[in-house]
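All of the numbers you see were taken from the coordinates with simple rules; none came from a lab. A quick note: this is a predicted structure, and the numbers were derived from the prediction, not measured. Using ideal geometry, Cβ is built from the backbone for each residue, glycine included, and neighbour counts are taken over all protein chains shown.
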Amino acid sequence: MLEILSLDADNVIGCAVDGKINSEDIEKISNIIDDKLKIYEKLRVYVEVNNLDGISLDALFKDLKLGFKHFNHFDKKAVVTDKAWMKNITPVINKIFSNIEVKCFCFEDKEEAVQWVKS
């Protein structure tokens, strides 16, 4: 399940993941991206990952399509999680996708993550 979070920056899309991501979640994000791109050339993402129980197959395909469509429309992503594996893959993601800077934060540093993604 994906919950949209309200942040004090119109060019930042905020969300929280808790459970399994489905195609409706991807549609929700896709609509927000499309609306914000009418105003901003570049967007940023703030995501809190509480519990990730996977992604449905149809959601995965929609997410991949969305990612390719908007590959160059993002410049920063803050991930707030206590999942060690997510923190460990961040340097790899930064090398593979040099157009977006990804940084992981612990939940106790949530405010720092918000400030970083907004700056």
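Taking a cut-off of 19 Å between Cα atoms, list the aspartates and glutamates near LYS87, but don't count ones fewer than 8 places away on the same chain.
ASP18, GLU48, ASP53, ASP75, GLU101, GLU108, ASP109, GLU111, GLU112
Going by a ≥ b ≥ c, the root eigenvalues of the Cα gyration tensor, does the chain fall in the rounded group (a/c under 1.5), the prolate group (a/b larger than b/c) or the oblate group?
Rounded, because the longest to shortest axis ratio a/c is under 1.5.
Which peptide among 101-113, 60-72 comes first, and what is the full order, when sorted by highest mean count of other Cβ atoms within 10 Å?
101-113, 60-72
Antiparallel DSSP bridges in the chain: what percent, to the nearest 5?
That works out to approximately 15 percent antiparallel.
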